[in-house]
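The values are calculated or read from the model by the stated rules, or taken from the named source; none is laboratory data. Please read these numbers as outputs of a predicted model, since none were measured by experiment. Neighbour counts are summed over all protein chains in view; Cβ atoms, including those assigned to glycine, are modelled from backbone coordinates with ideal geometry. These area figures cover heavy atoms from the full protein model, side chains too; ligands, DNA and RNA do not enter into them. Shrake-Rupley method; radii C 1.70, N 1.55, O 1.52, S 1.80 Å.
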Amino acid sequence: MATTDQDPGLYAAREPIFPRRVHGKFRNLKWVIMLVTLGIYYLTPWIRWDRGPELPDQAVLVDMAGRRFFFFWIEIWPHEFYFVAGLLVMAGLGLFLFTSALGRVWCGYTCPQTVWTDLFMLVERWIEGDRNARLRLHRQKWDMRKARLRISKWVVWFLIGLATGGAWVFYFTDAPTLLVDLFTLNAHPVAYTTIFILTMTTFIFGGFMREQICIYACPWPRIQAAMMDEETITVAYREWRGAPRGKGKRRREKAEAAMATTRAAGEKAGGMSPFVPMPGMPLGVGGPVPPKETLGDCIDCNACVNVCPMGIDIRDGQQMACITCALCIDACDEIMDKIGKPRGLIDYMALTDEQSERAGNPPRNIWKHIFRPRTILYTALWSLVGVGLLVALFIRPDIDMTVAPVRNPTYVTLSDGSIRNTYDLRIRNKHGEERPFRIGVTGDPALRLQVEGTPYATVTVPADTAGQERVYVIAPGGSAPAGAEATDVRIWIEDTSNGDRAYRDTVFNGRGQ
């Protein structure tokens, strides 16, 4: 159905946001965090780590082919996925903790969307200029200059996206080798596909969608409401101090108009003006006008709006779109310095602070907001999971095994009447050199074990690999295990070089007669 002036349609076109450059401690903090996080992301795959001749020498590597994860001196095997699950739990608790204490500090400083958007806007400012120049360029018709600036910006954005996608695939294989394969067109098609997808998503999300990702695509702004309360520190505007706002003559005219309206209402109700001139109070037209210092500190300069990457006005109160990046604090503090007013008109504060300060009480110490029962509980849970992972990491053995009984058939009757069960063993040797392992069985003296393919009970497992062996447990025909339906047994391995042992309990199935 066609839309009319009375029917504007369901969706409104996006209005581009052109944040102004700002200087201050929070902007400097964001620069530092951006450099650190991008440096970690782009450079980590190139850090070398010597693990010996049999293992990759990349410090951080997700080895999909070998089904292992390497992180410097830590090696996570597939059966140790609980370490990854524990790290995910810690990440979730960490988000809950920081959101409960400091609001959307993750969104404002370390979220990948925020970091790459900051980088893209920095490139945009370098090429097209600051806010006013970009606004003029956006509004003017296309010409050679506009095309040159836009194409230059898009090319740099695309190269950043390409570097982002390329860095990601380097985490999954040896980075130097893959780099050569990529340029010689010998890399796997999956690598090229992954790079292309990440390049385009980075280019589109950081260059064109920006705040829309945070508002519409990301679920965290909606989840954060459950994590925050009135004691949470977040970016807020001290309305009691800033209102009434306006600048210069305009502020004075607003105050005069408001007082004239009130005076007229009083005269209409009681026949006289409620205002009585006080000594030293300047007179205005028709009545007294308060001195300028009684007006609010906000001069309505819109500096806080012009620097906001989300395009919101923090003076309108808490909003879902606010990512608490604190750039509005830097912008407002800069204006307060220029007009000789104290900083902090826009500041990190809790909702209870605004109510308390409005009543004339001094600001509350920020640490009293941060350390409260809720955040202490999150910290305790986060620490408990972290300590548990560290303990599990340091006590895990260097050898391990799994036992899988072969139940098709459940047992085999040999020609001499003996009963034989079959088991598949997986022996993990986490040492940097090959080790000999002796295999044995306990549970009943009559049972004996035989390794398939060799008359010996000792096998050799290469360095840092998992060897597979098929073994047979045999019970003589007249023995108790042969006649019983099930007998508990334990199959074990012993590292003959140092005596370390590992075992698994299983069941030996007999005739059951």
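Tabulated data for the structure shown
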quantity: Calculated FRET efficiency for the pair Arg21/Leu88, C-beta based, R₀ 35 Å, to 0.05; calculated: 0.40
quantity: Å² per residue, accessible surface of the stretch 170-216 at 1.4 Å; calculated: 57
quantity: Correct choice for Rg and Dmax of the Cα atoms in Å that was computed from the model, options [x] 24.0, 74; [y] 32.4, 108; [z] 35.2, 124; calculated: [z]
quantity: Between 0 and 90°, nearest 10: helix 189-204 axis offset from the chain longest Cα axis; calculated: 20
quantity: Order by protection proxy (mean Cβ within 10 Å, highest first), peptides 128-139, 387-398; calculated: 128-139, 387-398
quantity: HN-Hα J in Hz across the stretch 226-243 - Karplus 6.51, -1.76, 1.60, θ = phi - 60°, x for Gly and Pro; calculated: 6, 8, 9, 9, 6, 9, 5, 7, 8, 6, 8, 10, 7, 5, 4, 9, x, 8
quantity: Accessible-area order (highest first, 1.4 angstrom probe) of the listed residues Tyr82, Tyr472; calculated: Tyr82, Tyr472
quantity: Stretch gain in nm, segment Trp46-Arg67, where the contour uses 0.36 nm per residue and the Cα spacing is subtracted; calculated: 5.5 nm
quantity: Two-site FRET efficiency, Thr201 against Glu230, from Cβ-Cβ distance with R₀ of 35 Å, rounded to 0.05; calculated: 0.40
quantity: Where the stretch 429-513 is the region considered: accessible area per residue in Å², 1.4 Å probe; calculated: 51
quantity: Listed peptides 180-186, 334-340 by packing density, highest first (mean Cβ within 10 Å); calculated: 334-340, 180-186
quantity: Nearest-10 value in Å² for the accessible area of Asp229, using the 1.4 Å probe; calculated: 50
quantity: Surface share of carbon and sulfur [accessible, 1.4 angstrom probe, percent] for the stretch 149-254; calculated: 71
quantity: Within the chain: Cβ-based charge dipole about Cα centre, in debye rounded to nearest 20 (Lys, Arg +1; Asp, Glu -1); calculated: 2440
quantity: Mean Cβ neighbour count within 10 Å, used as a protection proxy, ranking 14-20, 204-210 highest first; calculated: 204-210, 14-20
quantity: Structure-based [θ]222 nm, the chain - -39500 (n - 2.57) summed over DSSP H runs of at least 4, per residue, nearest 500; calculated: -13000 deg cm²/dmol
quantity: Linear extension gain, Val412 paired with Lys338, 0.36 nm per residue minus alpha-carbon span; calculated: 17.4 nm
quantity: Area accessible to solvent at Lys368, 1.4 Å probe radius, in Å²; calculated: 120
quantity: Orientation-averaged projected area, Cα convex hull of the stretch 368-513 (nm²); calculated: 13.3
quantity: Gain in span if fully extended, Thr194 to Asp130, counting 0.36 nm per residue against the direct Cα distance; calculated: 19.6 nm
quantity: Count, lysine Cα pairs under 20 Å in the chain, 8 or more residues apart or across chains; calculated: 12
quantity: Amide proton proximity set for Ala321, modelled H, under 5 Å, gap of 5+; calculated: none
quantity: Carbon + sulfur, % of accessible area of the stretch 304-453 - ligands and nucleic acids excluded, 1.4 Å; calculated: 58
quantity: Percent accessible area from carbon and sulfur atoms, the stretch 55-110, protein chains only, probe 1.4 Å; calculated: 81
quantity: Å² per residue, accessible surface of the stretch 1-124 at 1.4 Å; calculated: 57
quantity: Separation of the Asp174 and Asn361 label points, Cα + 7 Å toward Cβ, nm; calculated: 6.5
quantity: Debye equation applied to the C-alpha atoms of the stretch 301-446, log10 I(q)/I(0) at 0.11, 0.13 Å⁻¹; calculated: -0.71, -0.85
quantity: Pair Arg396, Ala243: separation of 7 Å Cα→Cβ label points (nm); calculated: 5.8
quantity: Rounded to the nearest 10 Å², the accessible area of Ile366 at probe 1.4 Å; calculated: 70
quantity: Folded to 0 to 90 degrees: helix 25-43 orientation relative to the chain principal axis, Cα; calculated: 30
